[in-house]
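Notes to accompany the following structure.
Any read-out appearing in this document is the output of simple, stated calculations on the displayed coordinates, not a laboratory observation. Bear in mind that the values here come from a model prediction, so they are computed numbers and not experimental data. Cβ atoms come from the backbone with ideal geometry, glycine included; neighbour counts cover every protein chain shown.
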Amino acid sequence: MLTVTPLPAFDDNYIWALHDARDAVLVDPGVAEPCIEFLERHGLELFAILVTHHHGDHVGGLAALAARCHPRIYGPRQESIPGITDAVADGDVIALARFGLQVRVIGTPGHTLGHVAYYDGSRLFCGDTLFACGCGRLFEGTPAMMSESLSKLAQLPDDTEIFCAHEYTISNIRFARTVDGENAALLEREKREQARRAAGLPTLPSTLALEKATNPFLRCREPALIVAAEAGLKRRPANAVEVFAALRQAKDAF
Ligand code: ZN
Ligand code: FE
């Protein structure tokens, strides 16, 4: 039985650990200590690491984990990340044989230019691309790139579980309400996620169906969000990319 456990790191990162009773895979270990502590406590052997992009809060633990556990380390070919043993790109398939999993690499540029996500047929590890009720900042890419990346992810099955790298959900919902305030699913989600946080629980994983219903950045063709974008642009947006760009800009200033 495969389990996915969040290892909290820094202020709001989650390092995801996929594991059974013997073996483990980590996603985006920004720091090694909580990972080592987890592996030791459960007697797990770390055989692979998946890296979504080059930012320090996602790769900071690689060197120490490599020295100690010698895992294969998969990461985006388009970014220079010390310690990567297997450079991957959009369309590649990674066999995690110990788990009987085939993991598809999905190129998701926008937050960074080489950013990739990993999809195992039911779970999506999407780093800083798709967040619960939000999306990553455009540090390197363009709105068109990020919008295209999110559209690709939105084509996965509705029951796909979304494991993103940060607990930003409550503040993302607060922003979403300013642009999609009449959305009943969003208001209902806010109550549910607030209750989870009040109980000290993560709001993740989410599902793609829930994101499509509540995440403004996946709803750029909905009338309410077109109207919100128009208010920011002070003109009618020409297409969904312009809606996305206006929403992302509003979120940056929020
Ligand atoms: Zn990042
Ligand atoms: Fe990050």
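For the chain, what is the percent of antiparallel DSSP beta bridges, rounded to the nearest 5?
65 percent
Arranged by the count of other C-beta atoms within 10 angstrom, fewest first, what order do 146, 1 take?
Fewest-to-most ranking of 146, 1: 1, 146.
Calculate one ³J(HN,Hα) per residue across the stretch 129-143 by plugging θ = phi - 60° into the Karplus curve 6.51 cos²θ - 1.76 cosθ + 1.60, and present them in order as whole Hz with x for glycine and proline.
Along the stretch 129-143, the couplings run 9, 9, 9, 5, 6, x, 8, x, 5, 8, 6, 10, x, 9, x Hz.
FRET efficiency for residue 95 and residue 177, Cβ-Cβ distance as r, R0 = 45 Å, nearest 0.05?
Using R0 = 45 Å, I get an efficiency of 0.60.
Figure the gain on full extension for residue 231 and residue 86 (residue separation times 0.36 nm, minus the Cα-Cα span) and round it to one decimal in nm.
So the chain would gain 47.6 nm between residue 231 and residue 86.
What's the Kirkwood radius of the stretch 3-252 in Å, using all Cα pairs?
18.4 Å
Explain nothing, just compute: Karplus ³J(HN,Hα) = 6.51 cos²θ - 1.76 cosθ + 1.60, θ = phi - 60°, for every residue of the stretch 227-244 in order, whole Hz, x for Gly and Pro.
Taking θ as phi minus 60°, the curve returns 5, 4, 5, 4, 4, x, 7, 6, 7, 5, x, 6, 6, 5, 5, 5, 4, 4 Hz for the stretch 227-244.
If neighbour count is taken as other Cβ atoms inside 10 Å, put 191, 212, 251 in order from fewest to most.
By the 10 Å Cβ count, ascending, the order reads 191, 212, 251.
³J(HN,Hα) across the stretch 26-41 via Karplus (A = 6.51, B = -1.76, C = 1.60, θ = phi - 60°), whole Hz, x for Gly/Pro?
With coefficients 6.51, -1.76 and 1.60, one gets 10, 10, 6, x, x, 8, 7, 3, x, 5, 4, 4, 5, 4, 5, 4 Hz.
Mean-square fluctuation check for the chain, GNM, Cα pairs under 10 Å: which of 240, 17, 185 is largest?
Of 240, 17, 185, the most mobile in the Gaussian network model is 185.
By counting other Cβ atoms within 10 Å of each Cβ, how are 115, 54, 42 ranked from fewest to most?
42, 54, 115
At a threshold of 8 angstrom on Cα-Cα distance, excluding pairs fewer than six apart, so keeping six or more, what relative contact order does the stretch 3-252 reach in percent?
So the answer I get is 13 percent.
For residue 191, go through the lysines and keep the ones whose alpha-carbon is under 26 Å away, minus same-chain ones fewer than eight residues off.
212, 251
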